[in-house]
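Student: Okay, here's the structure, questions in a sec.
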């Protein structure tokens with residue numbers, strides 16, 4: 001039943017095999033055995049796709065329910081006699097994971113000695129179910145609704161420049177003046193050449209001239225710090241620079257966008273204790289002040305608004 005359900009969820013026998021750490025032939029054998037046992041054709045198979053028959057749809061829904069009950073029963077039976085354990089496979093963006101996850105990993109390992117971590121630092125958006133991940137840390141404005149998620153924090157954007165750049169080129173007084181300045185932007189999923197500014201319910205898009213495009217927020221941050229130009233970056237990247245004065249927020253009274261930081265995991269009726277333990281730990285350690293954006297220099301916003 002698990003093999004059948006995973007084939008349906010991922011849309012292929014190969015994907016299900018990778019997810020379950022089985023050979024495609026073994027997954028096929030399991031599904032064929034189910035069809036022989038029930039005496040019904042559950043799947044339509046072609047070289048390009050796998051889809052449920054009408055009978056298969058009903059059977060799939062019952063399988064999901066039954067497997068959920070089994071999972072919950074096993075979890076309840078072991079809840080009082082075991083601590084979180086097993087391998088926890090996590091994918092996380094490189095430039096968020098290195099500064100914020102890496103420093104606290106040793107603390108988590110000490111707290112949960114029976115959990116083994118398998119961390120994948122990558123900016124590639126992976127298929128959580130197909131690649132067998134328990135948790136994916138994602139940073140975006142919207143997320144895959146087929147997955148469950150816990151919001152960890154938000155991160156506001158700032159338009160920033162170094163004191164040296166401002167001294168040399170002058171500080172733009174309005175967003176429209178950015179057209180006369182050198183700008184540094186993300187290049188994915190497409191070049192960020194329109195920057196968004198919102199204030200008093202009015203939103204304007206400003207077309208900028210990019211001297212530097214990069215997939216790396218760290219490259220953009222360092223270029224801005226070194227006076228190469230003006231960049232549009234989130235607080236988890238530039239929050240410390242803003243507090244120290246190494247970068248200056250040019251338009252602090254505008255809303256220039258917000259990213260949501262989520263920990264996503266596959267949809268299951270019961271969330272394994274190893275997953276919930278990590279989510280609770282990460283949420284607490286990332287947001288010690290329990291504010292919406294833990295990296296935002298709120299004092300600078302307040303001074304600007306006054």
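Student: Mind telling me which of the residues 67, 10 ends up being modelled with pLDDT under 90, touching a helix residue (DSSP H, G or I) at 6+ places or on another chain (Cβ under 6 Å) and not assigned by TED's automatic domain parsing to the domain that holds residue 217?
Tutor: 10
Student: Restricting attention to the stretch 56-71, does a residue exist that is in a helix (DSSP H, G or I) and touching a strand residue (DSSP E or B) at 6+ places or on another chain (Cβ under 8 Å)?
Tutor: Yes, the stretch 56-71 has at least one match.
Student: Which of the residues spanning the stretch 200-226 are in contact (Cβ under 8 Å) with a residue 60 or more places away in the chain, in contact with a strand residue (DSSP E or B) (Cβ under 8 Å, 6 or more places away or on another chain) and surrounded by fewer than 20 Cβ atoms within 10 Å (Cβ to Cβ)?
Tutor: Scanning the stretch 200-226 gives a single hit, 215.
Student: Further question on the same structure: Can you confirm whether the stretch 134-143 contains a residue that is outside the structural domain of residue 186 (by TED's automatic domain parsing), in contact with a helix residue (DSSP H, G or I) (Cβ under 7 Å, 6 or more places away or on another chain), assigned to a loop (DSSP other than H, G, I, E, B) and surrounded by 14 or more Cβ atoms within 10 Å (Cβ to Cβ)?
Tutor: Checking the stretch 134-143: at least one residue is outside the structural domain of residue 186 (by TED's automatic domain parsing), in contact with a helix residue (DSSP H, G or I) (Cβ under 7 Å, 6 or more places away or on another chain), assigned to a loop (DSSP other than H, G, I, E, B) and surrounded by 14 or more Cβ atoms within 10 Å (Cβ to Cβ).
Student: Checking residue 21 against (1) out of contact with any strand residue (DSSP E or B) (no Cβ under 6 Å at 6 or more places or on another chain); (2) in contact (Cβ under 8 Å) with a residue 24 or more places away in the chain; (3) at negative phi: exactly one of these is not met. Which one?
Tutor: That leaves (3) as the condition not met.
Student: Just give me the residues in the stretch 219-246 being more than 11 Å from residue 159 (Cβ to Cβ), assigned to a strand (DSSP E or B) and more than 20 Å from the chain's Cα centre (by Cα), in sequence order.
Tutor: none
Student: Just the residues that are surrounded by 17 or more Cβ atoms within 10 Å (Cβ to Cβ) and either more than 33 Å from the chain's Cα centre (by Cα) or assigned to a loop (DSSP other than H, G, I, E, B) (or both), please, taken from the stretch 21-30.
Tutor: 22, 30
Student: Right, next: Looking at (1) in contact with a helix residue (DSSP H, G or I) (Cβ under 6 Å, 6 or more places away or on another chain); (2) without any contact (Cβ under 8 Å) to a residue 40 or more places away in the chain; (3) under 30 Å from residue 6 (Cβ atoms), which is the only condition residue 280 fails?
Tutor: The one condition residue 280 does not meet is (1).
The values are calculated or read from the model by the stated rules, or taken from the named source; none is laboratory data. All values reported here derive from a predicted model rather than from experimental measurement. A quick note on method: Cβ atoms are made from the backbone with ideal geometry, for glycine too, and the neighbour counts reach across all protein chains shown.
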